[in-house]
Each structure stands twice: as structure tokens, then as C-alpha cells.
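A.B. asks: Here's a structure for you.
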Amino acid sequence: MAVVEFDSTATVTQGFTSNPALLITAINAAASSGFTNWEDSLLDARGLFPNRASNPDLIIFASDGNPTASNTGGGNDTGQPNAHLDATVNEANAAKASGIRILTIGIGADLTVTNLHKISSEDATFTTGFDTLAQVLAGIASSSCGGTVTVQKVIDTDGNIGTTADQTTTCPIVTDWAFAAATNEAGDTVAPPNNTSDSSRIAGPFQVTPDADNNAVLTITETLKMGFSFISMLCVRQDGPDDGTAPDAVTVTPVTNGGTITVQPSTSSAAASTTNRQPRRHPHRWQQLRLQLTRRRQPLRPRQQLSRRRQLLQLRPPQPRRQRLPLSRRRRRQRI
């Protein structure tokens, strides 16, 4: 985001940055005096683009007065409409031709709203007072920039998400879970489409950009690891409801190994939590196996040995009995 301040002329007071502190400083330092040059403000704003090729270009234009000065419209003029409005319209058309969208905000009662329509459109114009300007800007940011969804991993032992004492939210069991995110409506986008939970059990954030209806239906699914089973997915707003109270729930429609939510201005920042049941263990079966192995290692008692010999004798096939020769025949064979 960047900031352009204007009165008789315009100045870029902050270039593009993702640092909120720098943006707040630039906005708070704004001072108003002189005439109102809409044309120069749009010219300076257009000069900041292109910024990021993967993101749409957007100008949010806010003014509390009509154009009374310009770079190409001649001398200052407070009458409306005037040549300064025409110069502003030309600059606005040049910005739109380069792919920049313009949203306008009229502040207070000293401004002609139809002048704003000429540099944007009726459905892209907002009116407010200074007391509600922050809420209007927040709504525009949410509807224009979509929302973000982060996924938090939870492992449950007993399969009951209502009991939390048996749940695990620390590594390594909650790391390296693969998640996929996809929008269900044409025109809505999500990036990245895939992400993996890190050592803090977080996957994402997934940046969701809705189309003109400002609603995006998002489906998040996970790849199950061997032995684990999916229990449920819950979702809450991270920024809380409009009344400033604790985060409230977002409706989740269950799907296989995941869920579907609707991302809109009221859920601009949401946290989804997926819970899986840990593989079951069978200690009693292991104990039985150990007992069987122990029994096999024990030596047989004498009576057991005798019984074992009898069993072996019974299993052996009967042997023909050898006939004993008479003594005379045995002696005769020895002589030979």
C-alpha cells in the first residue's frame, strides 16, 4: 500500500510498503491547505504502478471537496463543474486504460457525488463523514482485497473434540500436514493452492480474492497420514465481529477430510482448525502376545515331557517288528 497526499498539488508521502507503522505515520502527517487538485493526485498515484504483477492495481481516491485546481485545466476555479473536472476525468481514463481500478470516497457534505461518478462509477463510490471514514475504508479493504484463511492442526486421542485435555497442538505430530485450498466459483481465486503445516502447526495463510459479488466459496482439504482419521473442521473469524467482541464462528460445510466456508468482508481473516484422531493402540493384544512368548520359553516339566514323548510316538507310523532267527540258523550264518 502507498499514500498520496494532495491539495493544490499532490505528493507521494509513502511508497508501497507492507509496514503498517509507516502507512499510519504518512496518513497522520497529512495537512490540508490551498485548493483541491484531483488530477495531480491521480497522476502521482498512477505513477506508482505497476507494483506487483500477481496483484491487481487499485486506487482508492478520497476527497472532502470538489476539484478546484489541476495541472492542465487552467487557473483555479471553485465553480462546478469546471475544466479541472475534465482534466481529472482524462487522467482517470488514462489510469483505467492501464488496468488500474479506481474506487472513490466522498467525505462530508461539501462535495458533489456525481463528480466522483465521472472518475469511477456509481457502484464504486462511497460517501461518509470523517467519524465513520475508518469503517468505510475497512469495508472497502475487505471487499476489494478478499480475505485470508489460516489452518491450525490439532491431534485428538479419544475422538471427542469437546474434551481438550487429550489434544496435542505441538510438534512433531502436528507438523508436515499437507492442505489444499480451492475456490468453487468462477472468478474467485486463492493463493497458494497448497501449503504444509509448520512447526507451529500453522498452514497458510491462504489469500482469497473474490469476484464482483465479494463472496468466495473456499474448500480446504487435508491429506491424511497413515493410521489417522479425520474428525472435523471448525472455523472462526480472527478479527472478531463488527461489535468488537470475541471471534465468532464461521459456518463450515463438511466435505471428505475437510470443509467449505464462505469468505466475505465479514470473515476477512479466519482461522480454520482441523482435528484428527490419533491411531489406536492395542496394549492388551501386545500383553497377550508377550504372555504366549513367555510360555513358550518355559522348560517342560517331567510329566509334560512324558506326555510330549507319547504324542510323538503316536504320531510316528508303526514299524514292522523284526523276526528273530533260531539259534541254530544264527550259528550257521556266523560260520559262513
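Since every read-out is calculated from the coordinates, none of them should be taken as a lab result. Values in this document were obtained by computation on a predicted structure and should not be read as measured data. Positions of Cβ are backbone-derived with ideal geometry, glycine not excepted, and every protein chain shown enters the neighbour counts.
A.B. asks: Could you give the length gained by full extension between A141 and D64, i.e. 0.36 nm per residue of separation minus their alpha carbon distance, to one decimal place? Walk me through the intermediate numbers first.
C.D. replies: Details: separation 77, 0.36 × 77 = 27.72 nm, distance 1.98 nm.
Computed gain between A141 and D64 is 25.7 nm.
A.B. asks: Also, I was wondering about something else. For the range 19-147, give me the percentage of DSSP beta bridges that are antiparallel, rounded to the nearest 5 percent. Walk me through the numbers on the way to the answer.
C.D. replies: Working: 0 of 12 bridges.
Roughly 0 percent of the beta bridges in the range 19-147 run antiparallel, per DSSP.
A.B. asks: Taking the alpha-carbon distance from K153 and a cut-off under 24 Å, which lysines remain once sequence neighbours fewer than 8 residues away in the same chain are dropped?
C.D. replies: Result set, ordered by chain and number: K225.
A.B. asks: Between the alpha-carbon centers of the range 195-225 and the range 46-100, tell me the distance in whole angstrom.
C.D. replies: Their Cα centres are 36 Å away from one another.
A.B. asks: In the calculated pair distance distribution of the range 3-144, what percentage of Cα-Cα distances lie above 20 Å? Display every interim value, and only then the final one.
C.D. replies: Details: 4510 of 10011 pairs.
Every Cα pair in the range 3-144 considered, those over 20 Å come to 45 percent.
A.B. asks: Additional query: What residues have an amide H closer than 5 Å to that of T189, excluding those fewer than 5 places away on the same chain, when H is modeled at 1.01 Å from N in the peptide plane?
C.D. replies: The answer is T209.
A.B. asks: Could you list which residues have their amide H under 5 Å from that of I105, counting only those 5 or more apart in sequence or on another chain, with H placed in the peptide plane?
C.D. replies: Close amide H contacts, sequence-distant or interchain: F61, A62, S63, F126.
A.B. asks: Using only the alpha carbon atoms of the range 87-201, find the Kirkwood hydrodynamic radius as the inverse mean reciprocal pair distance, in angstroms to one decimal. Display every interim value, and only then the final one.
C.D. replies: Working: mean 1/r = 0.0532 Å⁻¹.
Final number for the Kirkwood radius of the range 87-201 is 18.8 Å.
A.B. asks: List, in order, the whole-Hz ³J(HN,Hα) value for each residue of the range 66-82 obtained from phi through the Karplus relation with A = 6.51, B = -1.76, C = 1.60 and θ = phi - 60°; use x for Gly and Pro.
C.D. replies: For the range 66-82, the Karplus-derived couplings read 6, x, 10, 8, 6, 7, 10, x, x, x, 4, 8, 8, x, 10, x, 9 Hz, x marking Gly and Pro.
A.B. asks: Right, another one. I'd like the trypsin sites (Lys or Arg not before Pro) in the range 6-97 restricted to DSSP loop residues with at most 12 other Cβ atoms within 10 Å, sorted by number.
C.D. replies: R52
A.B. asks: Test of understanding: express the Cα radius of gyration of the range 135-188 as a ratio to 2.2 N^0.38 Å, with N the residue count. Kindly include the intermediate steps, with their values, before the conclusion.
C.D. replies: On the way: Rg = 17.3 Å, N = 54, 2.2 N^0.38 = 10.0 Å.
Computed over Cα atoms of the range 135-188, the ratio equals 1.73.
A.B. asks: Let me ask something else about it. Could you name the lysines in cross-link range of K118, using Cα to Cα under 17 Å and dropping any fewer than eight places away on the same chain?
C.D. replies: Excluding near neighbours in sequence, the set is K96.
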